[in-house]
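The values are calculated or read from the model by the stated rules, or taken from the named source; none is laboratory data. Since we're looking at a predicted model, the values are computed, not measured. Cβ coordinates were reconstructed from backbone atoms using ideal geometry, including for glycine residues, and neighbour counts include every protein chain displayed. Note: accessible area is taken over every heavy atom of the protein model, side chains too, but ligands, DNA and RNA are not part of it. Shrake-Rupley method; radii C 1.70, N 1.55, O 1.52, S 1.80 Å.
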Amino acid sequence: MARGAAIAHNAIRRDAMESMTTPLIPGRLRWTHCVLLVGGYVLLDWASYIHAMHGLNITPWSPGPALGLAFVMRFGAKVAPLLLLAIVLADSVVRDLPTTFPLTLLIATLLASGYTALGEIMRRRFDHGLMLMHHRALLAWIVLVIAGTLCVSAGFVSVLVVTGVLGSWQWLEAFTRYWIGDAVGVLITMPLFAMLMDERGRAFLGSVLHRWETWLYGVVMLGTIGVTLGLGPETDVRYFYIVFLPMVWAALRGGLAGAVLTATLAQLAIIAAVQLRGFTTVTVFDVQALAVVLVLVGFLVGVFIDEQRRLGAELRQSLRLAAAGEMAAALAHELNQPLTAMSAYGAACEDLISQGEQGDRLLDMVRRIVAESHRTADVVTRLRDFFRTGDTRLERVPVAELLHSAAEPFAARAARGVVELSVGPVVEACVLVDRLQIEVVMRNLVVNAFEAVEAESGPERWIRIGAEAAGPGRICLTVEDSGPGPGGSDAARLFEPFHSSKSSGLGLGLAISRSIAEAHGGRLWTEAGANGIFKLLLPLEGSVS
C-alpha cells in the first residue's frame, strides 16, 4: 500500500514537471463522456434539489456546476453545448420552473456560458489533474471559484428579477443563497470529479482507498456528523467544530486525496442529516457555510502534507545523488592505489620478460597483479552493495591508519598552498567501521578545512588531524584548522541539507557525513570558536595487541 502511494506521488510529481513545459491540449470527447456529463448533471441536480427557493435551482448545495467545470477543464470549451443541454434537461425534468421555455433557454445559456468561461480560466491556469498540487494553486483555485460563482450568481438572479420571476426585494436573498449553493457544490465536489477524470488522480485516490485507516476516519466522520447534527434543534451548529477532528486526521494521513474523499463523505452525511431531521432553510445554509470552512481546512492541510512528502522524496533523491558523488570520489581514491600497483607490476613483468626471466620473479609479479585485481573487485562490490541495500561491511581498522589515510592524499596540496598539515599522536586503538565510508567523512572534513584555511591570508596556516579518548569504549577523531570557526547559529545549520557557505557548494557533504557517522553508532558535530574544528565520535573495537 505504501509502495502504491509512493508510485502515485512519483507519477504526479513527474507529470507536474511535464505539464509546466507542454501546452494544455483539451482531451478527446467521446460519446461516453457526453452521456456522463448530461446524465451526471441531471442526476446531481435531482439529488441536491432540497430547500429550493420558489421552485428554482437555488439550493444549499449545487454539485452540478462542479461536474461541468471538471469537464471544461478536461475537454475545453467544446463541452459548452452539452452543458447547456444538461441544464435545460435538469430544469425540465427536476423542476417545474414558473417560466416560459425561451426564458428557460436564456437562463440556461447564461449559466452554461458562465461555467464554461470559469472552466476555461481554470484550464489555462491549472493542469486538469493536478490543479491542487501546491498550496498556492489551491488558494488561487479558491479565489477563482468564489469570484466566478459570485459573477454567475449575480447574473442569474438579475435575469430573474428583470424578467419578473423574482421581485427586486428578493434579489439579495436569492443571490446569497444561490452563490452559497454553487460555491459549496464546486468547492466540495470539483476536486473529486477532477481526480476521477484523470488517470493520475484515480491512482492517487486508489492508493488512499486501499488503506484500512481511510475507512476508519471515514466512519469517524459519519459518527461525528451524526452526533453533532442529532443533538436537537437548539444545538444544530453549536458543536460542529467536532467534525474538524476527523477531517484534519484524514488530511494528515491521506493528504489531499484523503481530504477529498472525506469531504465528499461529510457532505453526503450532512445532506442525509438535513433530510432526516427536517432542518429549516436558514439552518441548512448555516451548516453549509461551516461545511465549506471544514473542507477548505482539510484541503489546505492535505496539500501541505502532499507538498511535504514530495519535498521529502526529492530531498532523499538529492541525498542519494550526492552520496553517489561522494562515494564515486571514494571509489576513485580507493582504486587509484591498486591500479597504480598493477601498472607498476605490469611494467616490471615487461622488463623481466625482455631480460628473459621466466622463473619465480616473473611468477611473483603476476601473483601480485592478481592480488591487486581482487582488491579492486572487492572495493567495487562493497560500493555496489551499499547503493543497492545500504549495507556496510565493518572491519577492524587502526585509528592511526584512518588518520594517515585521510591526510596522505592532501600532502601535495598542503605543500603548494604553504599549509602545515600534521597528524597528531594517536592512541593505539581500533574501530569497527566501514573503512570506505569513514574515509569519505574524513576526506570531506579535510577538504572543508583546506578551503577555510586557503581563504585566509595570515602568516600561519595549519590543519591538524588527531584523535583523543572520549570515555569508555569511545574515541573522538578531530580535524582542526586555523581558519575562522563558525558562529553559534551557523554551527547549528552547517549539517542541514542544502545549507552551504560556498557559492558553488550543494550543502550536502556534511549532511551525508553526519548520516554515515550516525549509521556507525557515532556522532559528528562542530564547535563554535576562534578556529574551525570538527569532531567525529566513534565506538572503539578494542586495543591493538
Original post:
For residue 474, which sequence-distant residues (separation of 5 or more, or a different chain) have an amide H within less than 5 Å of its own amide H, given hydrogens modelled in the peptide plane?
Top reply: 540
Subject >> Area accessible to solvent at residue 92, 1.4 Å probe radius, in Å² >> reply: 80
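By the gyration tensor of its Cα atoms, with a ≥ b ≥ c the square roots of the eigenvalues, what is the shape of region 106-260: rounded for a/c under 1.5, prolate for a/b over b/c, or oblate? Present the calculation step by step, with values, prior to reporting the outcome.
Working: a/c = 2.83, a/b = 1.32, b/c = 2.14.
Judged from the Cα gyration tensor, region 106-260 comes out oblate (a/c at least 1.5, b/c at or above a/b).
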Subject >> Overall form of region 392-433 per C-alpha gyration tensor (a/c, 1.5; a/b vs b/c) >> reply: oblate
Subject >> Nonlocal amide H pairs with residue 53, under 5 Å, H built at 1.01 Å >> reply: 58
Subject >> Shape metrics for region 116-179, restricted to C-alpha atoms - Rg then Dmax, Å >> reply: 15.1, 45
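Could you work out the relative contact order of region 166-303? I mean the mean sequence separation of Cα pairs under 8 Å and 6+ apart, divided by the number of residues, in percent. Before the final figure, lay out each step's value.
Working: 128 pairs, mean separation 43.3, N = 138.
It rounds to 31 percent for region 166-303.
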Subject >> Accessible-area value, residue 460, 1.4 Å probe, nucleic acids and ligands omitted, Å² >> reply: 140
Original post:
What residues from region 400-416 fall in the zone where the backbone N is under 20 Å from a label point 7 Å along the Cα-to-C-beta line of residue 451?
Top reply: 406-416
Original post:
If amide H atoms are built 1.01 Å from N in the plane of the peptide, which residues on other chains or at least 5 residues away come under 5 Å of the amide H of residue 461?
Top reply: 420
**OP:** Pull out the extension gain between residue 462 and residue 47, defined as 0.36 nm times the separation in residues minus the alpha carbon to alpha carbon distance; nm, one decimal.
**Re:** 141.4 nm
